[in-house]
Amino acid sequence: MHMKVTSKEGVYEGDYIYAALCNSTSFGGVLKLDPNKVDLNDGLLEMLFIHMPKDLIELSRIAVALTTRKYDDPLIEFHSVDEVSIEMSADEAWTLDGEYQPGAKRIQIRNIQSAYHLIRKKH
């Protein structure tokens with residue numbers, strides 16, 4: 001799908017075969033992230049966008065970059081962000097924590113660090 005992603009870190013636009021934001025060391029339990037690049041309590045989300053490869057050579061480069069956890073390939077956008085704005089076709093459905101979301105022209109996602117506190121009752 002074609003998307004334009006805007007964050008403090010930059011503007012990224014292109015055709016992507018995979019796009020995900022998470023606060024975890026893995027995306028859907030399938031893609032494992034370098035634990036040295038992920039801090040679960042820093043108030044940031046990990047952004048992983050994979051550009052559509054033009055041929056098998058580019059697809060192979062993507063596979064090697066993901067399995068070796070070296071995200072500096074030009075076909076991969078990997079950044080830690082606190083907020084992103086995503087513009088795409090309103091026809092594109094997406095998911096939030098695995099739950100269906102209807103398409104929208106603009107999606108705003110923000111990480112609110114320490115947004116809730118758990119209270120433990122003393123016995």
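Tell me whether segment 70-80 contains one or more residues that are at pLDDT below 90 and out of contact with any strand residue (DSSP E or B) (no Cβ under 7 Å at 6 or more places or on another chain).
For segment 70-80, residues at pLDDT below 90 and out of contact with any strand residue (DSSP E or B) (no Cβ under 7 Å at 6 or more places or on another chain): present.
Can you tell me which residues in segment 81-123 are modelled with pLDDT of 90 or more and of a type in the set (D, E)?
D82, E83, E87
Being of a type in the set (G, A, S) and more than 25 Å from D91 (Cβ to Cβ) narrows it down to one residue among G14, G10; which is it?
Answer to the check: G10.
Among the residues of segment 34-67, write down those that are modelled with pLDDT under 95 and hydroxyl-bearing (S, T, Y).
T67, the sole residue that qualifies.
The values are calculated or read from the model by the stated rules, or taken from the named source; none is laboratory data. In this text, all values refer to a predicted model and were calculated from it rather than measured experimentally. As a convention, Cβ positions derive from the backbone with ideal geometry for all residues, glycine included, and neighbour counts pool all protein chains shown.
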